[in-house]
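The values are calculated or read from the model by the stated rules, or taken from the named source; none is laboratory data. Note that the structure is a prediction, hence the values are computed from the model and not measured. Ideal geometry is used to build each Cβ from the backbone, glycine not excepted, and the neighbour counts take in all protein chains shown. Calculation scope for accessible area: heavy atoms of the full protein, side chains included, ligands and nucleic acids excluded. Shrake-Rupley method; radii C 1.70, N 1.55, O 1.52, S 1.80 Å.
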Amino acid sequence: MADSTPSTSMKKKLEGKVGIITGGASGIGEATALHFATHGARAIVIADIQDEKGEKLAASIGPGLCKYVRCDVSKEDQIKALVQATIQLFGQLDVMFCNAGIMSKSEQKILDLDLDTYDELFAINVRGMAACVKHAARAMVEGKVKGSIICTASAVVNIAMEEYTDYTMSKHAVVGLVRCASRQLGKHGVRVNCVSPGPLGTPMLLDKLGIRIDELERLFERNFSLGGMLKVNHVADAVVFLASDESEFITGHNLAVDGGYKD
Ligand SMILES: NC(=O)c1ccc[n+]([C@@H]2O[C@H](COP(=O)([O-])OP(=O)(O)OC[C@H]3O[C@@H](n4cnc5c(N)ncnc54)[C@H](O)[C@@H]3O)[C@@H](O)[C@H]2O)c1
């Protein structure tokens, strides 16, 4: 008979775990940092380029629990240093949430695709993501940690967009990265998954569209099968699940967090 003893429900989901969150100063990353603290993480490292916001968030979570480290994910040496600093400070790395990303700077339709802008976006959304997975995975393999790596893709991996070609391509690349890395790292007990959120009211999208959050909610309310609006906490809940031992046999998965988003 199957063992139905609840294994993790009696303790906090991330008890004892050390996690890094890139793009952790704002939006999805900020909500996830707060969730990691609620769920008992031993240490949380917020990595971002927004120093003031990152420092303030780390202080609000608690200096003994959370630390802000400046890290531009388009620079591999900074990612390597971030992972090394985390291990020096906290002994190991259990969870890497590779979340930092940017939107297309202009419409980026194929007939007018600006390839310099494309390169800038790919340096963060694709190259940066790959470097984060690489250095987190190295630390986990070397430290013999059965870690969890989670990347942020997007609902755009399941739909074609009228614009933002480079952004859409970059998020497809994230899914490819997750699938390859999960296959290669499975033998080390390291899991790699991604979350694909639908549109939500973070600075990234609000600034891009130049609208307020209530306007964004009205714009998208018919797109969610469940009605209502996607919130950062919905995404953070999914990340906590993938970071925790509750998902111990899940890898290579792209978890849509989009309320059944439809065009
Ligand atoms: N907002 C949405 O509708 C939406 C939907 C699907 C996926 N996403 C993805 O979610 C992730 C988080 O975005 P968000 O919506 O929370 O936006 P956000 O702008 O609130 O947060 C993004 C964070 O990434 C940081 N960042 C940007 N460039 C960086 C770099 N080079 N190095 C380190 N940090 C950097 C920013 O400073 C910011 O704090 C992104 O990967 C984004 O593509 C967002």
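Quick notes on this one:
- Candidates K12, K53, K105 - the one that is within 14 Å of the ligand (Cβ to nearest atom), open to solvent by 40 Å² or more (accessible area, probe 1.4 Å), in a loop (DSSP other than H, G, I, E, B) and not β-branched (V, I, T): K105
- Test: A139 is more than 30 Å from N223 (Cβ to Cβ) and either assigned to a helix (DSSP H, G or I) or open to solvent by less than 10 Å² (accessible area, probe 1.4 Å) (or both): yes
- V175 vs. criteria β-branched (V, I, T) and open to solvent by 30 Å² or more (accessible area, probe 1.4 Å): no
- When residues of the range 157-171 are limited to those that are in contact (Cβ under 8 Å) with a residue 40 or more places away in the chain and touching a Ser or Thr at 6+ places or on another chain (Cβ under 8 Å), the one most open to solvent (accessible area, probe 1.4 Å): N158
- Of the residues screened, D94 is not one that is within 12 Å of the ligand (Cβ to nearest atom), open to solvent by less than 80 Å² (accessible area, probe 1.4 Å) and touching a residue at least 12 places away in the same chain (Cβ under 8 Å).
- Residues being in contact with a helix residue (DSSP H, G or I) (Cβ under 9 Å, 6 or more places away or on another chain) and of a type in the set (D, E, K, R) - total across the range 97-118: 4
- Any hit, the range 182-194, residues being touching a strand residue (DSSP E or B) at 6+ places or on another chain (Cβ under 6 Å), within 15 Å of the ligand (Cβ to nearest atom) and in a strand (DSSP E or B): yes
- Residue count, the range 195-230 (criterion: within 11 Å of the ligand (Cβ to nearest atom) and among the basic types (K, R)): 1
- Checked against (1) of a type in the set (D, E, K, R); (2) open to solvent by 20 Å² or more (accessible area, probe 1.4 Å); (3) within 13 Å of the ligand (Cβ to nearest atom), D263 passes all but condition (3).
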